[in-house]
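**Q** To start, I am sharing the structure in question, which I have written as structure tokens.
The values are calculated or read from the model by the stated rules, or taken from the named source; none is laboratory data. None of the values given here were measured: they were computed from a predicted structure. Note that we place each Cβ from the backbone using ideal geometry, even for glycine, and neighbour counts take in every protein chain shown. Heavy atoms of the whole protein, side chains included, go into the accessibility calculation; ligands, DNA and RNA do not. Shrake-Rupley method; radii C 1.70, N 1.55, O 1.52, S 1.80 Å.
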Amino acid sequence: MRRRRDGTASRWSGGLRLAVVGGAAALVVAGVTGWYPYAQLSPHVPAVTLRPGAEAELAGVRYRLERFEVAPTLPAKDPKDPPAQGPPGSLLVLVVVSQTVLDRSVALDEHYCDATLTEDDGATVWQTDSDFTTLAARPASFGCAGTEESPLRYDVAHETGFSFVVPAAAAGHLSARMAVRDGPTVAFEP
Amino acid sequence: MTAPPPEVAATPATPASSVPRRHVPAALRPVLGLLGCVVLAVAVAVAAPDPSEQLRRRWSDAGPGAWAVTPDRSARVTSVAVVGTVDPGYGDVLASRQALVVAQVDVAVRHRVAQLNHVYLRTADDKEYAPRSELSSAGLAQTQPGFTRHATLVFEVPSDRLPRAELVVDADAASVDGYTDAIRLDLGLGRTVRVSPETVTPAPASVTTT
């Protein structure tokens, strides 16, 4: 304990010292708890880029790009319906990906993913369409985990379709990205 | 002539060492130190400015018919009618004792999909009115980049609150409200607003490429 020249103990030194140590400890704890989740984040950089017909095995799942279609219209699911089309001056994009889960440690009902479409520079991002392509002929699954009618199974190829609507001016510079939850990001190009 | 200052009897100085001091028990000193820190933290929290909505927005303003532009979207009001009756074209006709503001709006989206789920009319006395939901089919909805959504919004507002009202195309409502851009559009209603007796049918919403 600090003592004055006359030998008496400083009145507040004990409390101030504890306050300083406690404050520093609080700052360290707050800093670490903020920094650690940030450090765990990883950018969604594609592990691989697939073109139609190409495939890759990542984290126990084989991915294959079946189709990457860019067209003004897509055939309707029901041949009696008119083809699906977007607003004037737009194009429809359909990306069909086949997945085969090989690793039994992959939980089939939690194999979620999110797909986006970007221009080459990544400055513009489209999310999947739910307005104009619902009646188009496409795989029943809109996501990686499958559906009740078409569930995901081990060692069985499962097709998922991602559809987008983009302005025609963007048609020449498109690539799709599929980010799997707690898994890799795969890029697809036409 | 001024009187000489009265003499003040000098009092002998008391030695500092002889002044009696209150003794703070050693066991209480850490507690008092921590208490002081808590009081300081509370004082800082109370004195800090309230992070209200006004502080979290960078506003882009435009007059009637003009585009307000932000990095991710632009918006304009193309026409405004203040009426007492709106015929949606299906179901019941909406008649109101208040004023029905029928605004046609264009929103052009760039870079990122826009939900356009936080659009409201704000009066000069800072009251906010959401669009009538039964006319939502003619309203704004999720719009992808590169496209412009054209929509009609209908607000029911007391007519005396309408002068200098504006349309706000705010940042999309989300679980976390961050600092971002938003748009204020002058509806051009002026100081006095007359409610027209005519019936208006909102135009259906549409989407075009930008």
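**Q** Among residues belonging to the stretch A:134-181 that are of a type in the set (Ser, Thr, Tyr) and buried (at least 22 other Cβ atoms within 10 Å of the Cβ), point out the one that is nearest to the other protein chains (Cβ to nearest Cβ). Walk me through it before giving the result.
**A** Let us first name the residues in the stretch A:134-181 that are of a type in the set (Ser, Thr, Tyr), namely A:134, A:141, A:147, A:150, A:154, A:160, A:163, A:175.
Narrowing the set further to residues that are buried (at least 22 other Cβ atoms within 10 Å of the Cβ) leaves A:160, A:163.
Numbers: A:Thr160: 20, A:Ser163: 12 Å.
Step by step, filter the stretch A:134-181, then rank; the result is A:Ser163.
**Q** Return the pair list, or none, for Cβ contacts closer than 9 Å from residues in the stretch A:149-169 that are in the same structural domain as A:Ser130 (by TED's automatic domain parsing) and farther than 10 Å from A:Val97 by Cα to residues that are among the basic types (Lys, Arg) and at pLDDT below 90, at least 6 apart or on different chains.
**A** A:Ser163/A:Arg138
**Q** Right, next: Residues in the stretch B:83-118 that are assigned to a strand (DSSP E or B) and open to solvent by 20 Å² or more (accessible area, probe 1.4 Å): how many? Let's see the steps before the verdict.
**A** Residues of the stretch B:83-118 assigned to a strand (DSSP E or B): B:83-86, B:94-109, B:114.
With the extra rule that they be open to solvent by 20 Å² or more (accessible area, probe 1.4 Å), the set shrinks to B:85, B:94-98, B:104.
Qualifying residue count for the region: 7.
**Q** Same structure, new question: Quick check on the stretch A:76-94. Is at least one of its residues at the interface with chain B (Cβ under 10 Å from one of its Cβ atoms), of a type in the set (S, T, N, Q) and out of contact with any Pro (no Cβ under 7 Å at 6 or more places or on another chain)?
**A** Looking through the stretch A:76-94, none of the residues is at the interface with chain B (Cβ under 10 Å from one of its Cβ atoms), of a type in the set (S, T, N, Q) and out of contact with any Pro (no Cβ under 7 Å at 6 or more places or on another chain).
**Q** Of everything in the stretch B:175-200, what is without any contact (Cβ under 8 Å) to a residue 60 or more places away in the chain and open to solvent by 70 Å² or more (accessible area, probe 1.4 Å)? Give them in sequence order. Write out each step before concluding.
**A** Taking the stretch B:175-200 and keeping what is without any contact (Cβ under 8 Å) to a residue 60 or more places away in the chain, we get B:175-176, B:190-192.
Selection gives B:Ser175, B:Val176, B:Arg191, B:Thr192.
**Q** Hand me the list of strands (runs of 3 or more DSSP E) wholly inside the stretch B:162-210 holding 1 or more residues that are away from every other protein chain (no Cβ under 14 Å). Spell out the reasoning first.
**A** Working: elements: B:166-169, B:180-186, B:196-200, B:206-209.
It comes to B:166-169, B:180-186, B:196-200.
**Q** State all residues of the stretch B:65-121 that are under 15 Å from B:Arg149 (Cβ atoms), in contact (Cβ under 8 Å) with a residue 60 or more places away in the chain and of a type in the set (Asp, Glu); if no residue qualifies, say none.
**A** The answer is B:Asp72, and nothing else.
**Q** Can you confirm whether the stretch A:104-112 contains a residue that is more than 14 Å from every other protein chain (Cβ to nearest Cβ) and over 18 Å from the mean Cα position of the chain (by Cα)? Show your work before the answer.
**A** Going through the stretch A:104-112, the residues more than 14 Å from every other protein chain (Cβ to nearest Cβ) turn out to be A:104-112.
With over 18 Å from the mean Cα position of the chain (by Cα) added as a condition, the list becomes A:104-105.
Yes, the stretch A:104-112 has at least one match.
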